[in-house]
Ligand code: DP6
């Protein structure tokens, strides 16, 4: 049955932000968006940092469209188109098996997304964005797909998005198949396995980054000899060690691996030619602050990590809230912003941290 004129089909979903502790950086196949190495992340609380997306379609929808926080987005790019194409193909398959289903795959899609965090702050918005887009359309199409199936599609929108299809601790297995069919995310452990994990977000700059992840990582792959060492000898060992640290709830190991992997990733950015500088002097001050907090505690109580931008995410355990968030607050004074219920997210937009 084709949809009738007045019928509007709709589904909504949320997807959370995830912050990698073993970083994805480098594409093996640009078209399929498969990575040169596996990666692992912590998904942050959906209550606080998330994209809410509604997917609609009707016979009267004139064209595919996407708005983010009320602004029209360009959807002509190959990545968004790949997500639409794959999801429509799965819906077509369902419709071909059951003639009573409305022909949604032939209708245009209207996607409406809202981020509940500042998009400009560079907080992994594409990860939550594509994860929500794919799941909203999959819900609209009533696809029987698993989160792993959807992660394979979301990966084509933005690599890091595939990990946001899972809560808690999730990994993206790089895969070995030429068609990317085994390059998908899986759950390492649910959030309930280690619910004491907290994340503080230090916004060093809310400005948009000058080199996008997509462009930056391709330049790194093409020019950095250090990067070759990273993907061959560094990351594979760290992935195993990080999975073990999560399974064992071993914060000392988790933290050491997190900080070392962030450092190694940014060293590869520096080794790119011409070099890419994502961190700035505020970021360096945040590293020194974490070092000082750990030294004062005489053990590792916090771990910094930086994505393709200057903002720090600091992981710590709830039991060390006073030591870590307290020390950060003491240094930042009352320049705090929104809060993440899984931790305290401390925003100091535009306010340089003092050098420590
Ligand atoms: C540094 O997922 O944004 O945040 O696949 O080109 O969209 P594309 O890249 P993207 O890169 C994220 C890079 C990172 C590390 C990470 O999240 O693992």
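The values are calculated or read from the model by the stated rules, or taken from the named source; none is laboratory data. Source: prediction; values computed, not measured. A quick note on method: Cβ atoms are made from the backbone with ideal geometry, for glycine too, and the neighbour counts reach across all protein chains shown.
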Checking residue 252 against (1) assigned to a helix (DSSP H, G or I); (2) at pLDDT below 95; (3) loosely packed, with under 14 Cβ neighbours inside 10 Å; (4) within 24 Å of the chain's Cα centre (by Cα), the condition it does not meet: (2)
Among residues of the stretch 6-54, those that are more than 12 Å from the chain's Cα centre (by Cα) and farther than 23 Å from residue 238 by Cα, counted: 19
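From 101, 87, 94, grab the single residue that is part of a helix (DSSP H, G or I) and touching a residue at least 60 places away in the same chain (Cβ under 8 Å). Show your work before the answer.
Values: 101 fails: part of a helix (DSSP H, G or I); 94 fails: touching a residue at least 60 places away in the same chain (Cβ under 8 Å).
Exactly one of 101, 87, 94 is part of a helix (DSSP H, G or I) and touching a residue at least 60 places away in the same chain (Cβ under 8 Å), namely 87.
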Every pair of residues 6+ apart whose Cβ atoms lie under 9 Å, when the first sits in the stretch 211-223 and is touching a residue at least 40 places away in the same chain (Cβ under 8 Å) and over 14 Å from residue 267 (Cα atoms) while the second is in a helix (DSSP H, G or I) and more than 11 Å from the ligand (Cβ to nearest atom): 211/219
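So in the stretch 153-177, with the set limited to residues that are over 17 Å from residue 128 (Cα atoms) and either touching a strand residue (DSSP E or B) at 6+ places or on another chain (Cβ under 7 Å) or in contact (Cβ under 8 Å) with a residue 12 or more places away in the chain (or both), which one is nearest to the ligand (Cβ to nearest atom)?
Looking at residues that are over 17 Å from residue 128 (Cα atoms) and either touching a strand residue (DSSP E or B) at 6+ places or on another chain (Cβ under 7 Å) or in contact (Cβ under 8 Å) with a residue 12 or more places away in the chain (or both), I get 174.
What is the residue count in the stretch 292-306 for residues that are part of a helix (DSSP H, G or I) and without any contact (Cβ under 8 Å) to a residue 60 or more places away in the chain? Before you say what the answer is, go through the steps one by one.
Residues of the stretch 292-306 that are part of a helix (DSSP H, G or I), as a first pass: 292-297.
Within this subset, residues satisfying the condition of being without any contact (Cβ under 8 Å) to a residue 60 or more places away in the chain are 293-297.
Residues that pass the stated criteria total 5.
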Answer residue from the stretch 30-65, given it is within 10 Å of the ligand (Cβ to nearest atom) and not in a loop (DSSP other than H, G, I, E, B) and is surrounded by the fewest Cβ atoms within 10 Å (Cβ to Cβ) among those: 34
Residue match in the stretch 15-23 (condition: surrounded by fewer than 22 Cβ atoms within 10 Å (Cβ to Cβ) and either in contact with a strand residue (DSSP E or B) (Cβ under 8 Å, 6 or more places away or on another chain) or touching a residue at least 12 places away in the same chain (Cβ under 8 Å) (or both)): no
So residue 145, is it assigned to a loop (DSSP other than H, G, I, E, B), at pLDDT below 95 and more than 16 Å from the ligand (Cβ to nearest atom): yes
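Give the residues of the stretch 307-324 that are part of a helix (DSSP H, G or I) and out of contact with any helix residue (DSSP H, G or I) (no Cβ under 8 Å at 6 or more places or on another chain), sorted by residue number.
Of the stretch 307-324, the ones part of a helix (DSSP H, G or I) are 318-324.
Result: 318, 319, 321, 322.
Restricting to the stretch 14-29, and then to whatever is under 30 Å from residue 112 (Cβ atoms) and assigned to a strand (DSSP E or B), can you tell me which residue is farthest from the ligand (Cβ to nearest atom)? Show your work before the answer.
Looking only at the stretch 14-29, we keep the residues that are under 30 Å from residue 112 (Cβ atoms), and these are 14-20, 24, 27.
With assigned to a strand (DSSP E or B) added as a condition, the list becomes 14-16, 18-20, 27.
Values: 14: 19, 15: 13, 16: 13, 18: 7, 19: 7, 20: 3, 27: 7 Å.
Ranking the qualifying residues of the stretch 14-29, first place goes to 14.
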All positions within the stretch 180-201 that are touching a residue at least 60 places away in the same chain (Cβ under 8 Å), more than 30 Å from residue 32 (Cβ to Cβ), away from the ligand (no atom under 16 Å from the Cβ) and not in a loop (DSSP other than H, G, I, E, B): 197, 198, 200
